[in-house]
Amino acid sequence: MRMAHGGLLSAIDQDSDQVRIISEVPSGQASNCVCAACRGVLVARKGRLRTHHFAHKASTTESLTHCQETALHNTAKRLVAYHLDTLHIRAKHLNRPTRQFVLPEQTILSFGARLTPENRALTLTEGEIEPSLGALTDFRPDAVVKTEELGKVYVEIHVSHPVPTDKRDVYRQLGLWVLELNLSECEPDRVGLTELKHLVEAEASRHWLSWHVPEYIQRKLAAHDEEVRRHDERQSALFLEDLKKPIPADWRAALQVMVAMFGLGVDPELNYRKPQKLSEVSRGC
């Protein structure tokens, strides 16, 4: 089912000034909601023929596209914070010589299964919309969720504009886990609440804007780097020892054959001398 043209999936409760999605309110004007973009009064349409949605009670001077994009953005934020049990993510790979560390680390894996970036999911225990990051910055992420695997994970929703560079840089300076979900290709008239929930939970593209390497992983990385350093030192010492050894007799004989065949211009004692002409080498054979 499709929504009517201009339909919205979320609105603002006039009493609490909080976002409400269509599944959280009664039908009709009893929803007591207004549009987040134009503040026009909305009616909750929850019939049988179309996807449930809010509609403007009267015509609005605001662009319907803007109203729908704002509602889509708000709906996604509320779904993340209050309506999801899991959130699929892109694994973060930390590459080291001979080994790759993956965050979050694999914990339980059923026999024969393979945990990949595409099916890796976080378990959500609670959430909040637009949390404060304290006195360190005025920036507010779209949502934050508490997860069993990574602790706090902040979420940004990309509908019409991706997260700006200065905001992303602050997240990285603070060492936060921040995941951006890309809903820019969603058509508000064509996506219902169920479809949007699937997109937000797992199907929409997503990537890390910022990440934090836990202390225990930092210790593993340091231990691995030290092991690689010691291995390299051992290999270098063995190589230098090999250089000090005399050339074996069979190698010296092989070198003499190469000198005779290709005119390398070195004698069997490996001392450089004037290159021979090919004709002289041939006569010598």
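When residues in the range 129-158 are screened for being part of a loop (DSSP other than H, G, I, E, B) and touching a Ser or Thr at 6+ places or on another chain (Cβ under 6 Å), 1 of them pass.
Residues being in a loop (DSSP other than H, G, I, E, B) and closer than 17 Å to LYS77 by Cα: count how many of those fall in the range 159-186. Qualifying residue count for the region: 10. Residues that are surrounded by fewer than 17 Cβ atoms within 10 Å (Cβ to Cβ) and under 26 Å from THR86 (Cα atoms) within the range 169-183 comprise ARG172, LEU174, GLY175, ASN182, listed in sequence order. Going through the range 62-77 one residue at a time, which ones are out of contact with any Gly (no Cβ under 9 Å at 6 or more places or on another chain) and at pLDDT below 85? Once the filter is applied, which keeps residues that are out of contact with any Gly (no Cβ under 9 Å at 6 or more places or on another chain) and at pLDDT below 85, the range 62-77 yields only SER63. Quick one: would you say PRO131 is more than 30 Å from LEU221 (Cα to Cα) and at pLDDT 95 or above? For PRO131, the condition - more than 30 Å from LEU221 (Cα to Cα) and at pLDDT 95 or above - is met.
The set of residues in the range 190-204 being surrounded by 16 or more Cβ atoms within 10 Å (Cβ to Cβ) and either outside the structural domain of VAL144 (by TED's automatic domain parsing) or assigned to a loop (DSSP other than H, G, I, E, B) (or both) consists of VAL191, GLY192, ALA204. Answer yes or no as to whether VAL159 is at pLDDT below 85, among the β-branched types (Val, Ile, Thr) and either under 29 Å from HIS53 (Cα atoms) or touching a strand residue (DSSP E or B) at 6+ places or on another chain (Cβ under 9 Å) (or both). No; evaluated as a whole, the condition is false for this residue. Just one of the listed residues (ASP242, ASP189, ASP250, ASP267) is touching a His at 6+ places or on another chain (Cβ under 7 Å), at pLDDT below 80 and more than 30 Å from PRO131 (Cβ to Cβ), namely ASP189.
Restricting the first member to the range 209-224 and to residues that are modelled with pLDDT of 75 or more, and the second to residues that are of a type in the set (Asp, Glu), the beta-carbon pairs closer than 6 Å and six or more apart or on different chains are LEU209/GLU180.
Among the residues of the range 205-246, those that are farther than 30 Å from TYR171 by Cβ and surrounded by 12 or more Cβ atoms within 10 Å (Cβ to Cβ) comprise GLU227, VAL228, HIS231.
The values are calculated or read from the model by the stated rules, or taken from the named source; none is laboratory data. Nothing here was measured: the structure is a model prediction, and the numbers come from that model. Note that we place each Cβ from the backbone using ideal geometry, even for glycine, and neighbour counts take in every protein chain shown.
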